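Inspection log for the structure reproduced underneath, given as structure tokens.
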Amino acid sequence: MSVLLLFLPTLILYIFIPALLIFILVRFLKRKEARAIERLKVEKESLSIHKQQMTIINDLNKELYAIEKMLKDVE
């Protein structure tokens, strides 16, 4: 029994503490990955909205150019 008590601190030091640190590190990395995926999803949505806005702006510019050209032809 006394031999077991002698090895217990060593067991805790060399097995349980590194295992706990690895567990905490894995949880941290999983959370970080989840945040990165969410950030990427939001960025894709933002890019999609930006592309739609640019398409609308380009269409409006074409229409405006056509109207300006028509007004110049009338004069």
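Throughout, read-outs are computed from the coordinates displayed, never taken from laboratory work. None of these values were measured; they are calculated from a predicted model. Cβ coordinates were reconstructed from backbone atoms using ideal geometry, including for glycine residues, and neighbour counts include every protein chain displayed.
A few points about this structure:
- Two-site label geometry, K32 and I56: point separation in nm, points 7 Å out along Cα→Cβ: 3.9 nm
- Projecting the Cα positions of L71, L11, S48 onto the charge dipole of the chain (unit charges on Cβ atoms of Lys, Arg, Asp and Glu, taken about the Cα centre) puts L11 furthest along the positive direction.
- Straight-distance crosslink candidates among aspartates and glutamates, where the alpha carbon sits under 19 Å from K32 and sequence neighbours closer than 8 are dropped: E43
- Dipole magnitude for the chain: about 580 debye, using +1 per Lys or Arg Cβ and -1 per Asp or Glu Cβ, origin at the Cα centre.
- Per-residue [θ]222 nm for the chain (sum of -39500 (n - 2.57) over DSSP H runs n ≥ 4, rounded to 500): -33000 deg cm²/dmol
- Anchor K44: aspartates and glutamates whose Cα lies under 12 Å away (excluding residues fewer than 8 positions away in-chain): none
- Angle in degrees between helix 2-11 and the longest Cα principal axis of the chain, rounded to the nearest 10: 20 degrees
- Alpha carbon convex hull of the chain, projected area averaged over orientations, nm²: 6.3 nm²
- Full-stretch length increase - I49, Y14 - with 0.36 nm per residue and alpha-carbon distance subtracted: 7.3 nm
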